[in-house]
Amino acid sequence: MIRPFVLAAALAFAGPAFAQDAPVKTAPAAAPPPAGGPAQAAGAPKKPPTLVEALIAAGFDPHTKLIGDAVQVMSGQRATLDVAGGKPVLEAVETGHVDMALPDGAPDTYKAVAPGKVAFAVDGSAAKKQSFLKIWNGLSHAVSYEAELTAIRSGKLAKRKAQVCAVPGGGTNYEMWSDPIIAVTLSAVAEVADDKITCK
């Protein structure tokens, strides 16, 4: 079920889904400086808000980060987790692209994940009109997880749960959607028995 949050005119500049023929832009390493800086010169035209500024104004923090026992991964980034202790530990955040979002035949810009780690990368392609989640499972057994998508639909920020599948030990998997995904929040990340590889 979609839970939309109106961004009013702030997201009007975002245009239709996948309007540009380029990968979805990467989230910033740091938030823009807070409002209240030096005043604009008198008569200077007001600069339209960026997507990041619009998301912050709507109460959405556009950074790859842990949120309790979940991890929010922004488009254009990969989060590497250690889940051995039963609670995810965010070990690294990288910027790059997955192969599915690049022209056919182009490889990932990410390196293989280290043994014992799990990584999630979010990316998108305007040319293919698809958003992608790639999962690397460096564990010896399958890993299951739950996913919530954050996307822009008709100028509104929308969130919904997505059906995803467990990833076999030592394997990789992809999920894909036609929405322009801003972020995916992964929760309940856990190693499971190999005979428990299900989709939910």
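Among the listed pairs Lys128/Lys159; Lys87/Lys128; Lys87/Lys159; Lys65/Lys128; Lys111/Lys156; Lys65/Lys200, give every one whose C-alpha distance is greater than 30 Å.
Details: Lys128/Lys159 22 Å; Lys87/Lys128 35 Å; Lys87/Lys159 24 Å; Lys65/Lys128 27 Å; Lys111/Lys156 34 Å; Lys65/Lys200 24 Å.
Going by Cα-Cα distance, Lys87/Lys128; Lys111/Lys156 fall outside the 30 Å limit.
Rounded to the nearest 0.05, what FRET efficiency do Asp61 and His141 have when you use their Cβ-Cβ distance and R0 = 35 Å?
Numbers: r = 33 Å, r/R0 = 0.93.
FRET efficiency, Asp61 to His141: 0.60.
What FRET efficiency would be calculated for the residue pair Asp104, Arg153, taking the C-beta separation as r and a Förster radius of 30 Å, to the nearest 0.05? Write out the running numbers ahead of the final one.
Working: r = 28 Å, r/R0 = 0.92.
Efficiency, from the Cβ-Cβ distance: 0.60.
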message = Quick check: from the Cα gyration tensor, does segment 43-115 come out rounded (a/c under 1.5), prolate or oblate?
response = oblate
query = Between Val189 and residues 5 or more places away or on another chain, which pairs have amide H atoms under 5 Å apart, with H built 1.01 Å from N, and which residues are they?
reply = Glu146
request  = Would you mind listing how long segment 91-157 runs along its three principal axes, going by Cα atoms, in whole Å with the largest first?
outcome  = 41, 29, 20
key: Efficiency of FRET between Ser187 and Glu53 - r from beta-carbon atoms, R0 30 angstrom, step 0.05   = 0.65
message = Give me a comma-separated list of calculated 3J(HN,Hα) values for segment 117-124, in order, Karplus coefficients 6.51, -1.76, 1.60 applied at θ = phi - 60°, integers in Hz, x for any Gly or Pro.
response = 10, 10, 10, 10, 10, 10, 8, x
query = So which aspartates and glutamates can Lys117 reach, going by Cα to Cα under 13 Å and dropping same-chain residues fewer than 8 places off?
reply = Asp82, Glu91, Glu191
query = Residue by residue through segment 163-177, which ³J(HN,Hα) values in whole Hz follow from phi under the Karplus form 6.51 cos²θ - 1.76 cosθ + 1.60 (θ = phi - 60°), with glycine and proline marked x?
reply = 7, 9, 10, 4, 10, x, x, x, x, 10, 8, 10, 10, 9, 9
task = May I ask for the distance between the Cα centers of segment 139-187 and segment 58-72, given as a whole number of Å?
result = 14
Segment 83-200 pair-distance distribution - Cα-Cα, 10 Å bins, rounded % = 13, 44, 35, 8, 0
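Accessible area, 1.4 Å probe, largest first: how do Arg153, Arg78, Arg160 sort? Before the final figure, lay out each step's value.
Working: Arg153 95, Arg78 10, Arg160 60 Å².
In descending accessible area the options line up as Arg153, Arg160, Arg78.
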query = Can you give the accessible area of Leu55, probe radius 1.4 Å, in Å² rounded to 10?
reply = 0
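The values are calculated or read from the model by the stated rules, or taken from the named source; none is laboratory data. Computed from a predicted model, the values in this text were never measured in an experiment. Because the Cβ atoms are built from the backbone with ideal geometry, glycine has one as well, and the counts that use them run over all protein chains shown. Side chains are part of the model used for accessible areas, which takes the heavy atoms of the whole protein and leaves out ligands, DNA and RNA. Shrake-Rupley method; radii C 1.70, N 1.55, O 1.52, S 1.80 Å.
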